[in-house]
Amino acid sequence: NHRTAESYNSAERQFPTGASYKLYKCASLLRALKSELAEVGGYEVQTVRIATNPFDEWLIDENMGEHESFHQSTNTIDMDKLDKCRNRLRHLDSILEKNNISFCSLGSVSTPHLAEVLCPLIVQTSSRFSCSVSVGKSDVKAAQSASRCMMTISRLGECNDCLNDRVIGKKQSSTPNHLKGGLGNFQFCAAASCEPFIPFFPAAKGSSSKALAFAVGLENGCLAKHLLKKSAKLSKISSVFGDGMAEALLPLQSICKRMEGEIYGAEFLGIDPSLNPSLDGGNNGMDGSVAGAIEEIEEVRDSFGGTGTLAVAAEITTALQNLPSKGILLTGYRGIMLPVCEDARLSQLASSSPNLSSQKLTISQILNVSSVCGVGIDTVPVKGDSSLDDLTSVILDVAGLAHRWKKPLSCRLFPYPGKDIGDMTEFDSPYLCNTNVFAI
């Protein structure tokens with residue numbers, strides 16, 4: 001399984017001028033690539049996606065960001081400009097629908113006051129859209145902005161809640177499925193040290209320096225389990241796992257390179273080999289679990305998160321990042337994905353005990369593993385009334401790790417309205433499994 005084939009394109013201030021044709025080119029490229037991968041290699045492409053350059057380069061008018069506090073008072077908001085943004089988003093959504101594209105990342109924003117206005121609006125407008133806030137080293141203001149976005153987005157599904165009408169618009173008469181239970185945060189994250197061309201959402205973004213390009217992301221939990229079970233020992237990961245991963249990726253890369261330049265001159269940027277779980281694996285998703293795959297190495301004692309986990313995660317990451325020496329062109333995170341609500345074993349560990357003192361998986365443990373492998377804190381449910389200070393501190397921890405070690409990390413937390421620590425989530429999504437709400 002290959003999670004996504006992703007195309008990158010750049011948009012301009014003159015949006016929507018030329019947008020239809022640019023997106024048509026992206027969609028044509030992705031359709032051709034998906035067909036070629038299926039017919040020649042027998043690969044299943046789960047989704048095709050598009051990522052644009054950061055949305056503050058094209059969604060807003062150039063002078064819209066001049067007011068530092070325009071999101072704080074109705075007197076400082078130009079509603080005509082906000083309406084223009086909303087209309088541009090709706091137009092973009094209709095173009096994507098016509099081209100059968102279900103996922104589009106609008107990139108990141110690095111200006112906090114723009115993030116707080118536009119990110120909730122982007123998420124509310126369509127389930128197709130994702131976006132992120134870039135958080136720099138010790139950037140408290142950006143981290144606070146991202147945490148406010150998370151809380152605002154978590155409440156978008158509560159029709160009777162007192163939302164910020166000047167930004168979001170009129171309250172909804174019914175709740176779209178993609179916003180229920182705080183699920184809107186599936187489409188949003190805080191991103192640190194995330195360069196363009198990561199083929200995973202919501203951190204994905206293109207660059208205005210490239211007209212049209214594509215990359216591939218993997219859903220390889222089952223493959224990881226097979227290779228790590230075959231490795232068995234820490235000392236065998238670099239050879240058995242590393243060689244096996246290269247062998248699996250070379251045919252895929254060959255097809256992608258053959259497609260390079262054939263459709264509108266598109267450039268092939270590489271493969272993100274990051275270990276990424278699959279809920280479609282057998283044994284109720286356990287066979288596709290990355291955490292379960294790591295537990296196949298005998299140096300991991302007890303369970304994932306216990307002693308030995310860090311050493312194994314570090315060795316796997318080294319093996320993945322050494323793939324260029326075996327002829328593989330890489331892009332993206334190049335690490336290990338540990339999304340709690342997308343990994344059956346992680347969700348099982350997190351829900352093993354509602355008692356905080358005996359929880360087998362905590363945010364601190366995940367962050368500790370991320371220090372050697374990436375990809376950060378991902379799809380972690382937290383209580384609905386989490387404080388902005390608590391959310392901000394977690395985001396700053398992720399950003400601190402990312403910038404200290406110069407690695408891409410992201411933070412995607414799910415404040416769940418009405419739920420407290422230890423409660424079970426009730427997500428109704430084919431992409432998520434349920435687990436207990438975490439303590440921060």
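The values are calculated or read from the model by the stated rules, or taken from the named source; none is laboratory data. Only a predicted model underlies this, so the values are computations on that prediction, with no experimental measurement involved. So basically every Cβ, Gly included, is an ideal-geometry build from the backbone, and we count neighbours across all protein chains shown. Protein only, heavy atoms only, side chains kept; ligands, DNA and RNA dropped before computing areas. Shrake-Rupley method; radii C 1.70, N 1.55, O 1.52, S 1.80 Å.
Multiplying the residue separation of Ser235 and Asn322 by 0.36 nm and removing their Cα-Cα distance gives an extension gain of 29.8 nm.
Over the chain, with every protein chain in place, what whole percent of the accessible area is carbon and sulfur at 1.4 Å, could you tell me?
Working: 7840 of 17080 Å².
After summing per-atom areas, the C and S share lands at 46 percent.
Here the simple spin-label model places points 7 Å from the Cα toward Cβ, and for Ser352 and Asp83 these points are separated by 5.6 nm.
All Cα-Cα distances of the range 89-137, cut into 10 Å bins from zero to the largest, leave 26, 50, 20, 4, 0 percent in each bin in turn. For Ser429, the shell of other residues with beta-carbons less than 13 Å away shows a net charge of -2, using +1 for Lys and Arg and -1 for Asp and Glu.
For the chain, the membrane-span-like helix rule (DSSP H, alpha carbon extent of at least 24 Å along the helix axis, mean Kyte-Doolittle at least -0.5) picks out 19-41, 242-259; this says nothing about an actual membrane.
Going by a ≥ b ≥ c, the root eigenvalues of the Cα gyration tensor, does the range 177-229 fall in the rounded group (a/c under 1.5), the prolate group (a/b larger than b/c) or the oblate group?
Values: a/c = 2.24, a/b = 1.09, b/c = 2.05.
Judged from the Cα gyration tensor, the range 177-229 comes out oblate (a/c at least 1.5, b/c at or above a/b).
Taking Lys and Arg as +1 and Asp and Glu as -1, the other residues whose beta-carbon sits under 13 Å from that of Ala344 total -3. Once the Cα-Cα distance is subtracted from the 0.36 nm per residue extended length, the Arg31 to Trp405 segment shows a gain of 130.9 nm.
Would you please classify the overall shape of the range 75-114 from the alpha carbon gyration tensor, given that a ≥ b ≥ c denote the square roots of the eigenvalues, rounded means a/c under 1.5, and beyond that prolate means a/b larger than b/c while oblate covers the rest? Each step should come with its number before you reach the end.
Working: a/c = 5.80, a/b = 1.64, b/c = 3.53.
Oblate, since a/c reaches 1.5 and b/c is not below a/b.
Using a Gaussian network model of the chain in which every pair of alpha carbons under 10 angstrom is joined by a spring, one finds that among Ser127, Ser138, Ser274 the greatest mean-square fluctuation is at Ser138.
Among Asn53, Asn322, Asn276, the residue with the largest mean-square fluctuation in a Gaussian network model of the chain, with springs joining Cα atoms closer than 10 Å, is Asn322. What shape does the range 321-440 take by its C-alpha gyration tensor, where a ≥ b ≥ c are the square roots of the eigenvalues and a/c under 1.5 counts as rounded, a/b above b/c as prolate, and the rest as oblate? The shape class here is prolate.
Over the chain, what portion of Cα pair distances is larger than 34 Å, expressed as a whole percent? The answer is 28 percent, as a whole percent. Considering only Pro273, Pro199, Pro112, the Gaussian network model of the chain with Cα springs below 10 Å gives its largest mean-square fluctuation to Pro112.
Amide H contacts of Asp378: Val340, Arg412, each under 5 Å away and 5 or more positions distant or on a separate chain (H built 1.01 Å from N in the peptide plane; Pro and chain starts excluded).
A simple spin-label model places pseudo-atoms 7 Å from Cα toward Cβ; at Asp302 and Ser254 they are separated by 4.6 nm.
In deg cm²/dmol, rounded to 500, what helix-only [θ] at 222 nm does the chain give when every DSSP H run of at least 4 residues adds -39500 (n - 2.57) and the total is split over its residues?
Values: 12 runs with 158 residues, N = 440.
Helix contribution divided over all residues of the chain: -11500 deg cm²/dmol.
Rolling a 1.4 Å probe over the heavy atoms of the protein chains gives the chain an accessible area of 39 Å² per residue. In terms of the mean number of neighbouring beta-carbon atoms within 10 Å, the peptides 395-407, 140-152, 331-343 order highest first as 331-343, 140-152, 395-407.
Taking Cα centre as origin and charging only the Cβ of basic (Lys, Arg, +1) and acidic (Asp, Glu, -1) residues, the dipole magnitude of the chain rounds to 460 debye.
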